[in-house]
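S.K.: Got a structure here, written out as structure tokens. Questions coming.
The values are calculated or read from the model by the stated rules, or taken from the named source; none is laboratory data. Owing to the predicted nature of the structure, the values given are computational and were not obtained by experimental measurement. Counting neighbours? That spans all protein chains shown, and the Cβs are built from the backbone with ideal geometry, glycine included. We work out accessible area using only protein heavy atoms, side chains counted, and drop any ligands, DNA or RNA first. Shrake-Rupley method; radii C 1.70, N 1.55, O 1.52, S 1.80 Å.
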Amino acid sequence: MIVDFQHHFTPRELIKADPGDRLILHYDENGAPSYTVHSLLYDLDEHIRMMDLAGIDAAWLTSAAGMAADLERSRICNDRARQAERDYPGRFIGAAHANPLGGPEALRELNRCKHELGFQGVTITSEAEGLFLDAPQYEPFWSEAERLGMFVFVHPALKLNFSQQFDGYDTARSVGREFSLIMATIRMINAGVFDRHPGLTVHIAHLAGGIASMLGRVRSYQDKDFWGTRGNPRHGMTPKRDFDYYVAHNMVFDTAGFCGAIGSVKTALVEIPASRIVFATDYPQEIRAREAVRDFVRDIRALGPDGERILSGNVGLLLK
């Protein structure tokens, strides 16, 4: 069974203007491009046609509109994801949307998603509200997700906390978000999130921002004696185990984020075990054409046993 683990939609009522056949690009307060709105986001019939052509059995449905959002928007996204499950039986799998910094109300919504809607995972962003994932304000959320047995999907933040350095060339989206995912991975591990919550599984988008090409450097800087930071209360922090232990036991990575480029998946396989990678497309944002998704599936399958494991063998890491 092939599941697309990064597949997006936006409820129609959350899109203010009718995009028709246009693309509507939104910008953040610093002028950085933030999010592209178009009709494919809510045309689930076209999603099904794409999936049929590409050979995708089901899609785990998340909405950018509900990530790190207020309670009302979160509830709309959750209810519409559940409706998609009912309208297209077996084809869509709903994700919970609950703001990890939203306090008790957000945690109650997370519980509703688990117990009433039957969702198995929750989506958050890699940074929000000026905070990063190692901030103590996230601790109640990590505790509740672990208690509920829900995996946490970390999507790149659509609005970076600090986007000033990405003030041109659309770099906030092209590389800024990937840098945010790399940092989120390092922060969660070194801050001891998984040491405090060993039962927690985090599914991190975009092959953790392409962290595989940086892992040699990241591992080296875990040696605090060599780099002289041992004893520093911030820079000298390390987890209880080696960095790679958490990569292999607590984290799952997906193949989205590189616009269908198989070379990025091959690069990741040098450092990240195929047993920890799941298939994802980022449809209908970074890939929008049916044929492009079909070709991406074909290219992953051509990787042989590793490709088959990515396409379907690892589904059970996240969905029971």
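S.K.: Counting only residues that are open to solvent by 20 Å² or more (accessible area, probe 1.4 Å), free of Cβ contacts under 8 Å to residues at least 40 places away in the same chain and under 19 Å from the mean Cα position of the chain (by Cα), how many does segment 276-299 have?
M.R.: Of the residues in segment 276-299, 1 are open to solvent by 20 Å² or more (accessible area, probe 1.4 Å), free of Cβ contacts under 8 Å to residues at least 40 places away in the same chain and under 19 Å from the mean Cα position of the chain (by Cα).
S.K.: Using the structure shown, decide if residue 89 is out of contact with any strand residue (DSSP E or B) (no Cβ under 9 Å at 6 or more places or on another chain) and more than 30 Å from residue 161 (Cβ to Cβ). Break it down into steps so the answer makes sense when it comes.
M.R.: Details: out of contact with any strand residue (DSSP E or B) (no Cβ under 9 Å at 6 or more places or on another chain): yes; more than 30 Å from residue 161 (Cβ to Cβ): yes.
So residue 89 fits the description; yes.
S.K.: Which one of 111, 161 is in contact (Cβ under 8 Å) with a residue 24 or more places away in the chain, under 22 Å from residue 257 (Cβ atoms) and surrounded by fewer than 22 Cβ atoms within 10 Å (Cβ to Cβ)?
M.R.: On the way: 111 fails: under 22 Å from residue 257 (Cβ atoms).
Result: 161 is the single residue among 111, 161 that is in contact (Cβ under 8 Å) with a residue 24 or more places away in the chain, under 22 Å from residue 257 (Cβ atoms) and surrounded by fewer than 22 Cβ atoms within 10 Å (Cβ to Cβ).
S.K.: While we're looking at this one, here's another question. When segment 118-135 is examined, which residues are found to be among the hydrophobic types (A, V, I, L, M, F, W, C), crowded, with 16+ Cβ neighbours inside 10 Å and either in contact with a Ser or Thr (Cβ under 7 Å, 6 or more places away or on another chain) or over 19 Å from residue 317 (Cβ atoms) (or both)?
M.R.: Within segment 118-135, 128, 132, 133, 135 qualify.
S.K.: Assess whether residue 65 counts as being crowded, with 23+ Cβ neighbours inside 10 Å and either in contact with a Pro (Cβ under 6 Å, 6 or more places away or on another chain) or in a strand (DSSP E or B) (or both). Break it down stepwise before answering.
M.R.: Working: crowded, with 23+ Cβ neighbours inside 10 Å: yes; either in contact with a Pro (Cβ under 6 Å, 6 or more places away or on another chain) or in a strand (DSSP E or B) (or both): no.
Answer is no for this residue.
S.K.: Right, next: Taking segment 136-158 on its own, how many of its residues are open to solvent by 10 Å² or more (accessible area, probe 1.4 Å) and either of a type in the set (S, T, N, Q) or touching an Asp or Glu at 6+ places or on another chain (Cβ under 8 Å) (or both)?
M.R.: Qualifying residue count for the region: 2.
S.K.: What pairs come out if I take residues in segment 133-158 that are of a type in the set (A, V, I, L, M, F, W, C) and pair them with residues that are open to solvent by less than 30 Å² (accessible area, probe 1.4 Å) and modelled with pLDDT under 95 whose C-beta lies under 7 Å away, six or more apart or interchain?
M.R.: 158/34
S.K.: Here's another thing I want to ask about it. Show the residue pairs that are 6+ apart or on different chains and have beta-carbon atoms under 8 Å apart, the first residue being within segment 190-210 and more than 26 Å from residue 229 (Cβ to Cβ), the second being surrounded by fewer than 20 Cβ atoms within 10 Å (Cβ to Cβ) and acidic (Asp, Glu).
M.R.: Within 8 Å, the pairs are 199/146; 200/146.
S.K.: Here's a follow-up. Based on this model, can you work out whether residue 100 counts as assigned to a loop (DSSP other than H, G, I, E, B) and open to solvent by 40 Å² or more (accessible area, probe 1.4 Å)?
M.R.: On the way: assigned to a loop (DSSP other than H, G, I, E, B): yes; open to solvent by 40 Å² or more (accessible area, probe 1.4 Å): no.
Here the answer is no, as residue 100 does not meet what is asked.
S.K.: May I pose another question? Output the number of residues of segment 257-273 satisfying the condition of being open to solvent by less than 30 Å² (accessible area, probe 1.4 Å) and without any contact (Cβ under 8 Å) to a residue 40 or more places away in the chain.
M.R.: Kept after step one, since they are open to solvent by less than 30 Å² (accessible area, probe 1.4 Å), are these residues of segment 257-273: 257, 260, 265, 268, 272.
In the following step, the residues that additionally are without any contact (Cβ under 8 Å) to a residue 40 or more places away in the chain were identified as 260.
Qualifying residue count for the region: 1.
S.K.: Continuing with this model, one more query. Which of (1) surrounded by 18 or more Cβ atoms within 10 Å (Cβ to Cβ); (2) assigned to a loop (DSSP other than H, G, I, E, B) does residue 76 not meet, given it meets every other one?
M.R.: Going through the list (1) surrounded by 18 or more Cβ atoms within 10 Å (Cβ to Cβ); (2) assigned to a loop (DSSP other than H, G, I, E, B), residue 76 breaks only (2).
S.K.: Filter segment 300-316 for residues that are part of a helix (DSSP H, G or I) and either basic (Lys, Arg) or surrounded by fewer than 17 Cβ atoms within 10 Å (Cβ to Cβ) (or both) and give the result.
M.R.: Step one: list which residues in segment 300-316 are part of a helix (DSSP H, G or I), which gives 300-301, 305-313, 315-316.
Residues satisfying the conditions are 301, 305, 308, 309, 312, 316.
S.K.: Can I ask one more? For segment 214-233, which positions are closer than 30 Å to residue 258 by Cβ and open to solvent by 90 Å² or more (accessible area, probe 1.4 Å)?
M.R.: Within segment 214-233, 217 is the sole residue that qualifies.
S.K.: Give segment 197-213 a look and list any residue that's closer than 19 Å to residue 319 by Cα, open to solvent by 10 Å² or more (accessible area, probe 1.4 Å) and either hydroxyl-bearing (Ser, Thr, Tyr) or touching a Pro at 6+ places or on another chain (Cβ under 9 Å) (or both), or say none.
M.R.: 201, the sole residue that qualifies.
S.K.: Residues that are modelled with pLDDT of 95 or more and closer than 30 Å to residue 47 by Cβ: find the helices (runs of 4 or more DSSP H) completely inside segment 204-298 holding 2 or more of those. It would help to see each step written out before you state the result.
M.R.: Working: elements: 206-210, 215-220, 224-227, 243-249, 262-269.
In segment 204-298, 206-210, 262-269 are the helices (runs of 4 or more DSSP H) which contain 2 or more residues that are modelled with pLDDT of 95 or more and closer than 30 Å to residue 47 by Cβ.
S.K.: For segment 1-21, check the following and say yes or no: at least one residue is among the charged types (D, E, K, R), open to solvent by less than 70 Å² (accessible area, probe 1.4 Å), assigned to a strand (DSSP E or B) and farther than 19 Å from residue 157 by Cα. If you could, list the steps in order and put the result at the bottom.
M.R.: Taking segment 1-21 and keeping what is among the charged types (D, E, K, R), we get 4, 12-13, 16, 18, 21.
So of that shortlist, the ones also open to solvent by less than 70 Å² (accessible area, probe 1.4 Å) come out as 4.
Right, trim to assigned to a strand (DSSP E or B) and you get 4.
This time we only want the ones that are farther than 19 Å from residue 157 by Cα, so: 4.
Yes, because at least one residue in segment 1-21 is among the charged types (D, E, K, R), open to solvent by less than 70 Å² (accessible area, probe 1.4 Å), assigned to a strand (DSSP E or B) and farther than 19 Å from residue 157 by Cα.
S.K.: Turning to a different aspect of this structure: Could you figure out which of (1) closer than 30 Å to residue 295 by Cβ; (2) in contact with a helix residue (DSSP H, G or I) (Cβ under 8 Å, 6 or more places away or on another chain) isn't true of residue 280?
M.R.: Going through the list (1) closer than 30 Å to residue 295 by Cβ; (2) in contact with a helix residue (DSSP H, G or I) (Cβ under 8 Å, 6 or more places away or on another chain), residue 280 breaks only (2).
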